[in-house]
1. Looking at LYS59, LYS32, LYS84, LYS27, which is the one that is farther than 27 Å from SER3 by Cα and either part of a helix (DSSP H, G or I) or modelled with pLDDT of 80 or more (or both)?
2. Is it the case that LEU13 is more than 16 Å from HIS78 (Cα to Cα) and not aromatic (Phe, Trp, Tyr)?
3. Is it true that PHE44 is in a helix (DSSP H, G or I) and free of Cβ contacts under 8 Å to residues at least 24 places away in the same chain?
4. How many of the residues making up region 1-24 are of a type in the set (S, T, N, Q) and outside any helix (DSSP H, G or I)?
5. So the check is Cβ under 6 Å with 6+ separation or different chains; which pairs have a first residue in region 3-29 that's touching a residue at least 24 places away in the same chain (Cβ under 8 Å) and a second one that's surrounded by 13 or more Cβ atoms within 10 Å (Cβ to Cβ) and polar (S, T, N, Q)?
Amino acid sequence: MLSSIVYGNDGLLQEMIEEWLVDTEEKINKLKEKTSVNFKEIHFLKTSFSMIGCVEGIKICEKLIQKQDTMDIQSLCHIFELSKEVLSQKN
């Protein structure tokens, strides 16, 4: 999805990926500090994972929204780390 927004501008794509990484990591770190799931933060993360087409991240966020199970936060952290690796390889 990000690549369709920048219309072939590689510099802008790189900038958006860097912003995505920073914003998403901040939200995940805040989430890890909490003992309960915050709908607004999970929905933000779901949207973030949608922007890069990360289906597993979207699924885990949806599961967190539906079940409010904080154990899934670890899975979300793992998916984020994998996403960082994939995005780093594309640059």
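The values are calculated or read from the model by the stated rules, or taken from the named source; none is laboratory data. Source: prediction; values computed, not measured. Note: ideal-geometry Cβ built from the backbone for every residue, glycine included; neighbour counts use all protein chains shown.
1. Numbers: LYS59 fails: farther than 27 Å from SER3 by Cα; LYS84 fails: farther than 27 Å from SER3 by Cα; LYS27 fails: farther than 27 Å from SER3 by Cα.
From the options LYS59, LYS32, LYS84, LYS27, the qualifying one is LYS32.
2. On the way: more than 16 Å from HIS78 (Cα to Cα): yes; not aromatic (Phe, Trp, Tyr): yes.
Yes.
3. Spelling it out, PHE44 is indeed in a helix (DSSP H, G or I) and free of Cβ contacts under 8 Å to residues at least 24 places away in the same chain.
4. Our first condition is that a residue be of a type in the set (S, T, N, Q); within region 1-24, this holds for 3-4, 9, 14, 24.
Restricting the remaining residues to those that are outside any helix (DSSP H, G or I) gives 9.
Total satisfying the criteria: 1.
5. Final answer for the pair search is THR24/SER48.
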